[in-house]
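No value in this document is a laboratory result; all are computed from the given coordinates. Small disclaimer: the values here were computed from a predicted structure and weren't measured. All Cβ positions, even for glycine, are placed from backbone atoms using ideal geometry, and neighbour counts span all protein chains on display.
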Amino acid sequence: MNLIKKSGVRKERGLFVIEGIRMFVEIPKDRIVKIYASESFAYDNKEMLCDYRYEIVADNVFKMMSDTKTPQGILAVVKMLEYDIEDLFKKDKVPMLVVLENIQDPGNLGTIIRTAEGAGATGIIMSDKTVDIYNPKTIRSTMGSLFRMPFVYSEDVVAAIHSLKQQNIKVFAAHLEGRNYYYEEDMKVPMAVLIGNEGNGLTEELSKEADVRIKIPMEGKLESLNAAVSTAVILYEAMRQRHIQP
């Protein structure tokens, strides 16, 4: 199925594929275009499927359609989500944004999206060279957060940062040359944190746009952490600070 394998086809058609029970139950019903169920799954899960229209395919055919080694038997074609920059701000929450530059690993991106939801982030901005959010591995890694965490891709991340600053968003850059440790900064303010590519970190062009460069303390011989882990450490510190009673 080209929608699973080819990003270009997904973008052209505005559709993507969801597999597995856990992700299937997370899909907003108004975004479902088509549902396929294997014969054995349909037979064993009649109650779960009773509210849906779906097509049954032979188990061996479903296995060929699937992107996973052990298919669960349920697959849906879904309309892509649509957000703009305003959707990253919530009226009842102080902004906490994540800006991703050129993240390449689908699993990392999915974990960051899931972590962002867990830590109370309000939205995610991604450079156009960041891996496709609708990559099947990314989707699985989000564990459903894909449908609850607003996101946008930006062709000009520097311009996006300038726009955030005009809205009084303080911009932190996770950087090896950070001025302070991340926990020494006030993260109760409206904020965005810049996270760079897994191998190269942030580009200098984007790093210099930050108001403050922050670092994570390291012992041993490590220089840095995985991009998803770094995001989690910083966002959960922001969450901790925001939950402290004044």
Net charge over other residues, Cβ less than 14 angstrom from the Cβ of Asn168 (K, R count +1; D, E count -1): +1
Using a Förster distance of 41 angstrom, determine the FRET efficiency expected from the C-beta separation of Val33 and Met218, and round it to 0.05. 0.30
With R₀ set to 41 angstrom, the calculated FRET efficiency between the beta-carbons of Ala159 and Asn45, to the nearest 0.05, is 0.30
How would you rank 116-126, 163-173, highest first, on the average number of other Cβ atoms within 10 Å across their residues? 116-126, 163-173
For region 206-246 the trypsin sites (Lys or Arg not before Pro) that pass both the DSSP coil test and the at-most-10 other-Cβ-within-10 Å test are Lys221
Around Lys63, what is the net charge, scoring Lys/Arg as +1 and Asp/Glu as -1 over all other residues with Cβ under 12 Å from its Cβ? -3
Charge dipole (debye, nearest 20) of region 85-243; +1 at Cβ of Lys and Arg, -1 at Cβ of Asp and Glu: 560
Sort out for me the Cα centre separation of region 208-233 from region 5-61, rounded to whole Å. 39
Can you pull out the GluC sites (Glu not before Pro) in region 5-111 whose DSSP state is coil and whose Cβ has at most 10 other Cβ atoms within 10 Å? Glu82
For Asn200 paired with Ile85, estimate the spin-label separation in nm (one decimal), with each label point 7 Å from Cα along the Cα-to-Cβ line. 2.5
Please list, by residue number, every one of the GluC sites (Glu not before Pro) in region 150-198 that is coil in DSSP and has at most 12 other beta-carbon atoms within 10 Å. Glu155, Glu177
